[in-house]
Amino acid sequence: MRKEPSATSWNPEFDNQPTSDVPRIKFSRMFSDKYLEKKNLILEIGCGTGSYTRLIDRTSCIGLDISLDAVKVAKNYCTRSEFVVASAMDLPFKNETFDLVCTWGVFEEIPAGAEKQIMIEVKRTLISEGIFVLSAYGDHIIAKILDPAFIIRGVRHYNPEQFINLISEYGFEINEYTIRGGLNTLVSNFLFYFSKHVLQKKDAPFKKFFDKKSANEIYDGKSGIVYMYIAGHKKKQS
C-alpha cells in the first residue's frame, strides 16, 4: 500500500511570497512556453503561492489551490490572474472550458490513488485538443533516497513509463517528455528542507552555490533523474 503523504506545513516566514526563481519553476515556464502561445484560457491546478503563475501572469489565467493561505499570497503577487480555492479532484468549472491545464509537483502530494480522479477532471475541463503540461518526481532510487520529502512526509515518486501510460489511458497523446536535475538538484532540495525545518532560516550554508549548480543541471538539456516534465494534448473524440 502506498504511503499517504502528510500535509505540507505552513511557515509564514518561508511561504509569504512566490518562489519563482527556483530552477524547477523557471524550467516549468520554459517547458510550457510554446504551448502557452495563443491559448485563450489557462488553468493552473495547485498554484500554491503563485510561483509559476507569477511567470505567466495574465487576465486569461486562473490559479486553483486547496489552501486559502497560499491563494492569499498568490493574489498579492499575481495581480492580473484570477484565483479559486478548490480541490484538484473536483474542479468547479464547466466541461471543455480551458485551452491549457497545467500542474507542477501536485500529483505526488495528493491522496494515494487519487491520480485517476485528477485525470478525469483535467480531461473533462479541457477543450478538444487542449494541452496538458505537468511535472512530477521520477522514481530513480537515488532521487528517492536523497529526498527528505519522500523519507519524512511520504511524498510519492513515479515510474515515468507508468505515469505516461496513465495520461495516455485518459485520452491524451504525449507531445514531449523529459527528466531533468541530478545530484546537485537533490542537494539543493535537501538544503531547502534543512533551512526551513531545522535552521528556521531562509538560506542554509552553501544553498546558493548548489542552487546555481541545480540550475545548470536542469537547463543544460541533458537527461536527469529528479523531475519529469510531460506535455500532451487531449485527443479528438472519434
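Please treat every number below as a calculation from the coordinates, not as lab data. All values derive from a computational prediction rather than experimental measurement. Backbone-built Cβ (ideal geometry, glycine too); neighbour counts: all protein chains shown.
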Could you give me the ³J(HN,Hα) list for the range 214-221, computed from phi with Karplus coefficients 6.51, -1.76, 1.60 and θ = phi - 60°, whole Hz, x at Gly and Pro? 4, 4, 4, 5, 6, 8, 6, x
To the nearest 10 degrees, the tilt of helix 183-194 (Cα long axis) against the first principal axis of the alpha carbons of the chain is 80 degrees
Taking the Cβ of each residue in THR59, THR49, THR125, THR19 as the centre, tally the other Cβ atoms inside 10 Å and list the residues starting with the fewest. THR59, THR19, THR125, THR49
Using only alpha carbon pairs under 8 Å that are at least six residues apart, calculate the relative contact order of the range 156-238 and give it in whole percent. 47 percent
Between helix 160-169 and the chain: long-axis angle, C-alpha atoms, 0 to 90°, nearest 10: 20 degrees
Give the relative contact order (percent, whole number) for the range 56-113; include only Cα pairs under 8 Å separated by 6+ residues. 32 percent
Under a Cβ-Cβ cut-off of 15 Å, what is the net charge of the residues other than PHE31 that fall near it, where Lys and Arg count +1 and Asp and Glu count -1? +1
Could you tell me how many cubic angstrom of Cα convex hull volume the chain has per residue? 116 Å³
Charge tally for neighbours of LYS234 with beta carbon under 15 Å away, counting Lys, Arg as +1 and Asp, Glu as -1, is -1
Which order results if HIS157, HIS197 are arranged by neighbouring Cβ count within 10 Å, fewest first? HIS197, HIS157
Expected vector for the range 51-56, Karplus 3J(HN,Hα) from phi with 6.51, -1.76, 1.60 and θ = phi - 60°, integer Hz, x for Gly and Pro, equals 4, 7, 4, 4, 6, 10
Before rounding to the nearest 500, sum -39500 (n - 2.57) across all DSSP H runs of length at least 4 in the chain and divide by the residue total; then give [θ] at 222 nm in deg cm²/dmol. -9500 deg cm²/dmol
Mean separation of Cα contacts under 8 Å (6+ apart) over length of the chain, as relative contact order %: 21 percent
As an exercise, find the ratio Rg/Rh for the range 81-133 from alpha-carbon atoms, using the Kirkwood inverse-distance average for Rh. 0.94
For every other residue with a beta carbon closer than 14 angstrom to the beta carbon of ILE42, add +1 if it is Lys or Arg and -1 if Asp or Glu, then tell me the sum. +1
Take every DSSP beta bridge whose two residues both sit in the chain, then give the antiparallel share in percent to the nearest 5. 45 percent
Could you list the chymotrypsin sites (Phe, Trp or Tyr not before Pro) in the range 147-208 that lie in coil according to DSSP, counting only those with at most 13 other Cβ atoms within 10 Å of their Cβ? PHE206
Could you pull out every residue, at least 5 positions away or on a different chain, whose amide H is within less than 5 Å of the one on LEU41? Hs are placed 1.01 Å off N in the peptide plane, and Pro or chain starts have none. ASP99, LEU100
